[in-house]
Each structure stands twice: as C-alpha cells, then as structure tokens.
Amino acid sequence: MTSRSRFWSYSGTNNPDEYRYFWPNDWARRNRQQWQDFTKSTHFNKAGMSCLTCHTFHGKWEGAQLRQKPEEMCVSCHSSAGYAKRGNTEMFAGSPMAKAGVQCVDCHMAKIGTRSTATSKGGRQWDVSSHVFRVATPQMAKAQGIRSSCDACHEGQGARLASGVQSPPFNIDALMAIVTQRQDDNRKAITEVQKTLAGVKSKKQPEAAALVERANNRLNVVLLDGSLGMHNQERSAAMIEEARKFALKASGIE
C-alpha cells in the first residue's frame, strides 16, 4: 500500500524499484508515465487542458494519434492571436533553429525518457517524449542528471536534422554557457530600459506617452515570449534595442 500511495511520483523513497521510472525532479524517465508528467504542466494546472485536447482516438489522426500535426497544433495557442496570447510563434519564426527545421515539440517535448524494456532490435533508446512541456535545460542535466532537451541534436558529433542541416556539437558546459549568457544579457538590457522608462518625467505629454507605450510594447513581446532570447536571440535583441531607443527619446522630452 505504501508503494501504491506514491504511484504518481514515487517521491521520498530510497527504493530503486520505486523511483527508477522518474528523474530526481519527478519527471518521467520511462514510458507509460505520460499522465504523471502532464499533471505537472501548466497546460493541465492553468489552461484546463486534458489528453483529448491534443490526442484523439476516433476518426482520422496524425502521428501519435494527434488531432493535428504538432507544428499546427502549437501555433493554434502559442501565437499572438492564439488562446495563450503569447507571440511564441512569431518570435521563433526566422530563428536559426526554425530555419533548420526544429519544431516546438523538439525542445518542449524532448525525448528524455526510454521505453520500459529493451527490444531485440534496438535495445533501450531515448524514444519517450516528455509531457511536462518544459525544456529540460543543460543546467538541469548538470544538477540532476536528467537528459537535456538539447542532447538529441547537440551531443556527440551533432545530429543531421530532417532538413539536412548538420547541428553543431556542444557539451553540457558549452550549452550552459550559451543559455546563461544569452538570458543574462537580455535580462540586463531589459532592466536598463525599464529604469530609463521609470525616469521619464514627461509621461503625460502625448509624444512622450506614445514613446513609452511603444517601448513597453516591444519589451512585452520579449517578456511574454518567456524564453529571454532562446527562441530567437536576434529578434529579441532587436526588440529590446527598439525599446531602448524609444525610452531614451521619451526621457529627452521636457
């Protein structure tokens, strides 16, 4: 009964037979744990989604019994006009990863788990997609041993994607440095713009008020995207720079 009561995560046990199906952070590392993963997601806890939001079991379906192709389904919510009202799709468009053919699910539903038992042909492979819908970052891999979402493309000698693009190889330390530097640079840049906006003394003047609004609109695109540049560093930096110029112009109005 003790084992059954911990079925959903097997937290707080030192028994390998109980915790071997999960990573140290309770994310699934074996197949058949998709529901446990899903209950940890924002999709489940805030958006009110269920398995049937994405999957179907009658009529025509796409791969993995999905109602739509993944790239179509994610866009229906994660765009400025979608249910989430976040410009993730617009931000990602045109990025190096988008051009290489990387899709949302490649990072946010990365194959960080394995089938429960080995097969005679392929053994045990990384073939189980995470259903937490969060990126398993290199930092998590370093701290908890969880397989990073980046590994499928960047570990070893790099991978040749379906588009034909050869991805560059990176080890965990290099990936951590890239992620940390990119996000830190954008955080600092956003903070500086916000400080400039806070110091604008003529916000009630129409011209200044319009410039402040434009600056905040640019910052909001980056902030609502939530990746702090990981979806598209070039576009994020350009939006922040535009916001900085508007903020400086507003602060110069007497």
Q. Picking from Arg160, Arg244, Arg182, Arg187, which residue would you name as being touching a Ser or Thr at 6+ places or on another chain (Cβ under 8 Å), under 30 Å from Ile112 (Cβ atoms) and outside the structural domain of Ala98 (by TED's automatic domain parsing)?
A. Arg160
**Q.** Hits in region 85-104 (condition: buried (at least 18 other Cβ atoms within 10 Å of the Cβ) and in a helix (DSSP H, G or I))
**A.** Asn88, Thr89, Glu90, Met91, Phe92, Met97, Cys104
Q: Answer with yes or no whether Lys121 is at pLDDT 90 or above and of a type in the set (Lys, Arg).
A: no
Q: Would you be able to tell me the number of residues in region 135-151 that are surrounded by fewer than 18 Cβ atoms within 10 Å (Cβ to Cβ) and in contact (Cβ under 8 Å) with a residue 24 or more places away in the chain?
A: 4
Q: Please give the number of the condition Asp184 fails out of (1) more than 30 Å from Gln68 (Cβ to Cβ); (2) in contact with a helix residue (DSSP H, G or I) (Cβ under 6 Å, 6 or more places away or on another chain).
A: (2)
Q: Would you mind stating whether Arg214 is crowded, with 19+ Cβ neighbours inside 10 Å, assigned to a helix (DSSP H, G or I) and not aromatic (Phe, Trp, Tyr)?
A: no
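In this structure, does Met230 turn out to be assigned to a loop (DSSP other than H, G, I, E, B), outside the structural domain of Lys85 (by TED's automatic domain parsing), over 12 Å from Gly87 (Cα atoms) and modelled with pLDDT of 95 or more?
Judged against the criteria, Met230 is a match.
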(Q) Among the residues of region 153-209, what is the count of those that are outside any loop (DSSP other than H, G, I, E, B), closer than 23 Å to Val105 by Cα and charged (D, E, K, R)? (A) 2
Q. Has region 166-182 got any residue that is within 21 Å of Ala243 (Cα to Cα), out of contact with any strand residue (DSSP E or B) (no Cβ under 8 Å at 6 or more places or on another chain) and touching a residue at least 24 places away in the same chain (Cβ under 8 Å)?
A. yes
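Just to be sure before I move on: is Gly82 surrounded by 15 or more Cβ atoms within 10 Å (Cβ to Cβ), on the phi < 0 side of the Ramachandran plot and without any contact (Cβ under 8 Å) to a residue 40 or more places away in the chain in the structure I sent? Talk me through it step by step, then tell me what you get.
Numbers: surrounded by 15 or more Cβ atoms within 10 Å (Cβ to Cβ): yes; on the phi < 0 side of the Ramachandran plot: yes; without any contact (Cβ under 8 Å) to a residue 40 or more places away in the chain: yes.
So Gly82 passes the test.
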Q: Considering each of Ala198, Ala189, Ala143 in turn, give the residue that is aliphatic (A, V, I, L, M), at negative phi and in contact with a helix residue (DSSP H, G or I) (Cβ under 9 Å, 6 or more places away or on another chain).
A: Ala189
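The rows are residues; the columns are (1) closer than 24 Å to Gly229 by Cβ; (2) among the hydroxyl-bearing types (Ser, Thr, Tyr).
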position	(1), (2)
Met49	no, no
Thr56	no, yes
Pro70	yes, no
Ala81	yes, no
Val102	yes, no
Val105	yes, no
Gly113	no, no
Q) Does any residue of region 135-147 turn out to be in contact with a Phe, Trp or Tyr (Cβ under 8 Å, 6 or more places away or on another chain), not acidic (Asp, Glu) and not in a loop (DSSP other than H, G, I, E, B)? A) yes
Q: Starting from residues that are surrounded by 15 or more Cβ atoms within 10 Å (Cβ to Cβ) and among the acidic types (Asp, Glu), keep the ones in region 217-254 and report whichever is nearest to Ser149 (Cα to Cα).
A: Asp225
Q: Among the residues of region 156-173, count how many are surrounded by 14 or more Cβ atoms within 10 Å (Cβ to Cβ) and over 15 Å from Met97 (Cβ atoms).
A: 1
Q: Give the residues of region 182-191 that are surrounded by 14 or more Cβ atoms within 10 Å (Cβ to Cβ) and either touching a Pro at 6+ places or on another chain (Cβ under 9 Å) or not small (Gly, Ala, Ser) (or both), sorted by residue number.
A: Arg182, Gln183, Asp185, Asn186, Ile190
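The values are calculated or read from the model by the stated rules, or taken from the named source; none is laboratory data. It should be emphasised that the depicted structure is a prediction, and the values quoted were computed from it without experimental measurement. All Cβ positions, glycine included, derive from the backbone under ideal geometry; neighbour counts span all protein chains shown.
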